[in-house]
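What follows is a single structure, written as structure tokens, with notes after it.
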Amino acid sequence: MNYTAEQLIDVPKLQALQDKLNAIVPFPSALVDNSGKILTATAWQDVCTKFHRIHPESNRECIKSDQYILTHLPEANPSVTYKCPHGLVDNAIPIIIEGTHIASFFTGQLFLEPPDLDFFRKQAHRYGYDEEAYIEAVKSVPVWSRVQLDRYLDFIKTFTESLAQTGLTRMRDLETVNQIRENEARYRTLAHAIESINECVSMTDSQNTILFVNQAFCQTYGYSREELIGQNISLIRSPGSGSSGYDNILSETIDGGWSGEISNRRKDGTDFPVHVSTAVVMDEENQPVALIGIAVDITERKKNEAELIAAKVKAEESDKLKSAFLANISHEIRTPMNSILGFSELLEEMVTEPQQQNYLKIITKGGERLLNIINSVIDIAKIEAGQLTLSLKDFDLNSLMQELYDLNLKIDSAVEFTLDINQRGPLIIHSDKTKLFQILNNLVSNALKFTRQGFVRFGYTTGKKSITFFVIDSGIGISDDFKSKVFNRFHKDDLHNRLEFEGTGLGLAITKELVTMLKGEIWFDSEVGKGTTFFVRMPVGG
């Protein structure tokens, strides 16, 4: 903060001191601040105040004298001395406090040799002064020798140094006062904030004696401030918590801070859980002087957590029961269904009448569709129950791809179906062969199902640490509205919901779950009417 000379120097006291010195010995002097304001003035000579500085022309010479002194103040050693064109000598010493020039102490308006009265009579005529009064004013100006002036300036130097020291003391006092005011304002703001918050705030000393609590603390624990101040913080501890945990809080707080959940007790004897955060207040010697604690009643949170845990356990149990039921009922259905399909195929070979053969084909097709649904339900149930396990082995990927191609190839199809692999011969990878086959078979069979004409192409590309499979078709595509739901269970696109497109809406959901189990990723690109491309990237070892 920048201070003015009036703030740092006792101006009335300085004026009185200058007047008393002047009563002992002529002491023409003045204190002038940096703006040019005259703060004190003693024994100014009439020749200056009543003549030279009154007449416009002679005053110009006075102004030149002032400007010279002000310009050369930075070079003062210790003072700036200047003899004005009127023959009088002026001196100025800057008052500097901690490197800042705040004012200047002027002295002078004296002669260093007897004045040439003829010169001054000519000046009286030149400027139109009253000659007799002007000469009397000139004669009253002190005449000093150089020795007297040097002694005088030495005294002034010491005097201004004393003024500067006094100003420095005053400046530090003002800074202290300002700091105290700022601190008081901050403390009032902090105190108001602490009283306003809902958290319980307490302050204790290093012996755990309570020094302060806020209103929220009193309301939560049921005590008044008078009942708490001066008591040990153990007053609010829950007896069932033991002492070792609280001892750790004290030691860890002194080491820097502690945070955790503990049990406390209200005045009425009820225990309740709180989350507490603590911090330590250090003095200038880095010694702990106070401990701050902020406690939050977490009774409702604990209650909600317990309810959530109970609900989660119940939901998991229900989910497991549901999955177990689905797996069991699906198994019970699949066993007789396999018998039905087996006998249907056997009857097809035995029956020759065309209409009866057609009936048997309908039975077989319906049975296969139902069996696929059952298998999908079983897979979902196993996934939800966590019963699916991986069987990682080495196998030839190209053989798997050829098997997949042969399984889905239909001679009389209008769709061009191709397997696109560049590598000839075996390609040994380490993965779960059955699940990888199921993933790719789901994608290929879907592509063939939704492509009535055009092509379906599938294959893979190899990378350093992964293999990326692709299944490309020119089928009906996937609508933009459905793209975000492709891997959801029991969801089907409106484009796919026509009767000719059979399915449960579980295939892609199962596929994604299997890909995730194998630590892979699956994504797709699609445009309605132009087709779809599915990609599956798998990390595999050779």
Of the listed residues (E368, E353, E332), the one being over 23 Å from Q438 (Cα atoms) and either loosely packed, with under 15 Cβ neighbours inside 10 Å or at pLDDT 75 or above (or both) is E353
Exercise for review: Using the structure shown, decide if Y221 is of a type in the set (S, T, Y), under 20 Å from I292 (Cβ atoms) and surrounded by 12 or more Cβ atoms within 10 Å (Cβ to Cβ).
Suggested key: yes
Going through the range 443-457 in order, the residues found to be part of a loop (DSSP other than H, G, I, E, B) and either more than 25 Å from A509 (Cα to Cα) or not assigned by TED's automatic domain parsing to the domain that holds E521 (or both) are Q453
Selection from the range 187-210 of residues surrounded by 15 or more Cβ atoms within 10 Å (Cβ to Cβ) and of a type outside the set (S, T, N, Q) yields I194, E199, C200, V201, M203, I210
Scanning the range 290-321 for residues that are surrounded by 13 or more Cβ atoms within 10 Å (Cβ to Cβ), among the aliphatic types (A, V, I, L, M) and farther than 25 Å from Y221 by Cα gives none
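A quick yes/no check of all residues on (1) under 18 Å from A133 (Cβ atoms); (2) within 60 Å of the chain's Cα centre (by Cα):
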position	(1), (2)
D19	no, no
A23	no, no
L31	no, yes
L39	no, yes
T42	no, no
Q45	yes, no
C48	yes, no
F51	yes, no
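For every residue, the table says whether it meets (1) small (G, A, S); (2) under 30 Å from N77 (Cβ atoms).
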site	(1), (2)
A133	yes, no
R146	no, yes
E182	no, no
I194	no, no
N198	no, no
M203	no, no
V213	no, no
S234	yes, no
Checking T107, T166 in turn, the sole residue that is closer than 25 Å to Q7 by Cα and surrounded by 18 or more Cβ atoms within 10 Å (Cβ to Cβ) turns out to be T107
In the range 23-44, anything over 30 Å from G99 (Cβ atoms) and modelled with pLDDT of 85 or more is listed as A23, I24
Of all strands (runs of 3 or more DSSP E) fully inside the range 349-442, the set with 1 or more residues that are of a type in the set (K, R) and farther than 28 Å from E332 by Cα is 393-396
Screening V147, V138 for residues that are on the phi < 0 side of the Ramachandran plot, over 60 Å from the mean Cα position of the chain (by Cα) and loosely packed, with under 10 Cβ neighbours inside 10 Å leaves only V147
Conditions (1) within 21 Å of A290 (Cα to Cα); (2) under 31 Å from the mean Cα position of the chain (by Cα) -> L228 fails only (2)
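Rundown of residues vs (1) under 30 Å from L174 (Cβ atoms); (2) surrounded by 14 or more Cβ atoms within 10 Å (Cβ to Cβ), yes/no style:
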| residue | (1), (2) |
| --- | --- |
| A5 | yes, yes |
| D46 | no, yes |
| K64 | no, no |
| T71 | no, no |
| P74 | yes, no |
| P78 | yes, yes |
| T81 | no, yes |
Counting only residues that are crowded, with 19+ Cβ neighbours inside 10 Å and within 13 Å of V486 (Cβ to Cβ), the range 516-528 contains a total of 2
* To do: Would you check if there is a residue in the range 299-316 being at pLDDT below 85 and more than 29 Å from I233 (Cα to Cα)?
  => yes
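The values are calculated or read from the model by the stated rules, or taken from the named source; none is laboratory data. These figures come from a predicted structure and were not determined experimentally. Cβ coordinates were reconstructed from backbone atoms using ideal geometry, including for glycine residues, and neighbour counts include every protein chain displayed.
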